[in-house]
Amino acid sequence: MLDALIILLFLITGAVTGFLGVDLLPERALQQVTDLEGLRFVVAGFTALFGGLFGLLAQATVRRLQLQARQMPTDQLISRAVGLILGLVIANLILTPVFLLPIPTEFVFLKPLAAVIGSIAFGMSGITLADTHGRTLIRLVNPGSVESVLLAEGTLKPAISKVIDTSCIIDGRIEALIETGFLEGRLIVPQFVLQELQQLADASNDQKRSRGRRGLDVLNRLRETYANRISINSADYDDISTVDAKLVRLAQDLQAPLLTVDYNLNRVASIQEVTVLNINDLAKTLRPTYLPGDRFDLRILKEGKEAAQGVGYLEDGTMVVVEEGRPFIGSEIAVMVTGALQTSAGRLIFAKPVSLMPA
């Protein structure tokens, strides 16, 4: 519709220009014309043809501009528009004194010419400056606007909400993850997880009761410290009996990752194509890697299985077997790594006292 309107507008403009432009011909030429109305229609036909050609050119230009506008990032489009407007305003302010100057009649065309050239020059300068410093200017006006625009256009991805299970809350390490900023997005605590924590806190078994109370304490601290990050989801599934199955279903419905430390839940959720974030996997990844020849201080806590062996533990719980370390039980000594072994129970590091190593 717009394309047809553009072409029609140029056709009509060309025809009217030709029809009325006959009157601008020299008087001597008009006196030689026997059929003035016929000349008007002939000239109008030719100028309408040229108008249609210009209309096609204008149509192609409008299409190209529309395509560029669609492909252009939103923040760049806004900054260019602001730069163009500021450039035109400055051009008009600067050219106002020029328009007030007394100019001879034969040079009066200089005023509109200066207006056109000045507007083009300052407008293009505004667009160029906007391309260079546009986002900075937008950030000064509204600090959150650039991020909002980038999120809307897909350049940035919003932080994804995550579903938390009971084991993750009881574990407690989620507090440190949130505090350090490594865990983004909202954290969703299902209502049935709260109920499970309450049941554990009211259990007759001392161990279960302690775990349940610890989980409730952790959750209360999170809600007090990060009230805008923690949300309680009231969704429940009466047709599902186990909490783990409900967690998987909720994660599927919300299309959100599942945050847990439960190995079995991790396996079940992965089978059902639910994204799982296991804090234990993160902890294993962040464990320091010791290579043969590395040295560190270690407290020898007990005897090893073999003669003369001593055993100590790193801060992350990794067992270190120290050859000839039995005499140093109860002491902290410098040891050097001689090897490492990955077993089904975890990682095992072998070392020797530095003092007994040959110089």
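The values are calculated or read from the model by the stated rules, or taken from the named source; none is laboratory data. Bear in mind the structure is a predicted one, so any value in this text is a computation, not a measurement. With ideal geometry, Cβ positions are generated from the backbone for all residues, glycine too; neighbour counts draw on all protein chains shown. Side chains included, ligands, DNA and RNA excluded: accessible areas come from the protein's heavy atoms. Shrake-Rupley method; radii C 1.70, N 1.55, O 1.52, S 1.80 Å.
The residue list Ile6, Ile85, Ile90 contains one member that is at pLDDT 70 or above, open to solvent by 100 Å² or more (accessible area, probe 1.4 Å) and under 27 Å from Leu113 (Cα atoms), which is Ile85. Note on region 197-228: residues that are touching a strand residue (DSSP E or B) at 6+ places or on another chain (Cβ under 7 Å) and more than 14 Å from Asp171 (Cβ to Cβ) total 1. Within region 234-248, can one find any residue that is under 26 Å from the mean Cα position of the chain (by Cα), basic (Lys, Arg) and more than 30 Å from Gly339 (Cα to Cα)? No: zero hits. Test Pro257 against the stated conditions and say whether it is closer than 10 Å to Val163 by Cβ and surrounded by fewer than 18 Cβ atoms within 10 Å (Cβ to Cβ). It is true that Pro257 is closer than 10 Å to Val163 by Cβ and surrounded by fewer than 18 Cβ atoms within 10 Å (Cβ to Cβ). From the list Glu306, Glu315, the one residue that fits, being closer than 15 Å to Lys352 by Cα and open to solvent by 100 Å² or more (accessible area, probe 1.4 Å), is Glu306.
Scan region 186-217 for residues that are part of a loop (DSSP other than H, G, I, E, B) and among the acidic types (Asp, Glu) and the total you get is 1.
Checked against (1) open to solvent by 80 Å² or more (accessible area, probe 1.4 Å); (2) over 40 Å from the mean Cα position of the chain (by Cα), Met336 passes all but a single condition, namely (1). Of all positions in region 157-168, none carries a residue that is more than 19 Å from the chain's Cα centre (by Cα), modelled with pLDDT of 70 or more, exposed (fewer than 13 other Cβ atoms within 10 Å of the Cβ) and closer than 28 Å to Leu219 by Cβ.
Note on region 191-224: residues that are free of Cβ contacts under 8 Å to residues at least 40 places away in the same chain and closer than 18 Å to Ala176 by Cα amount to 5. Residue check: Leu183 meets all listed conditions (1) open to solvent by 30 Å² or more (accessible area, probe 1.4 Å); (2) part of a loop (DSSP other than H, G, I, E, B) but one, namely (1).
Right, Ala269: touching a Leu at 6+ places or on another chain (Cβ under 7 Å) and within 14 Å of Ile164 (Cβ to Cβ) or not? Here the answer is yes, as Ala269 does meet what is asked. Residue pairs, Cβ under 6 Å, 6 or more apart or interchain, first in region 236-258 and touching a residue at least 40 places away in the same chain (Cβ under 8 Å), second assigned to a loop (DSSP other than H, G, I, E, B) and aromatic (Phe, Trp, Tyr). List them. If the second residue must be assigned to a loop (DSSP other than H, G, I, E, B) and aromatic (Phe, Trp, Tyr), the pairs left are Lys246/Tyr237.
Considered as a group, the residues in region 280-305 that are aliphatic (A, V, I, L, M) and in contact with a Leu (Cβ under 9 Å, 6 or more places away or on another chain) include one that is farthest from Val321 (Cα to Cα), and that residue is Leu282. Within region 225-235, identify whether any single residue is free of Cβ contacts under 8 Å to residues at least 40 places away in the same chain and surrounded by 13 or more Cβ atoms within 10 Å (Cβ to Cβ), and answer yes or no. No, that holds for no residue.
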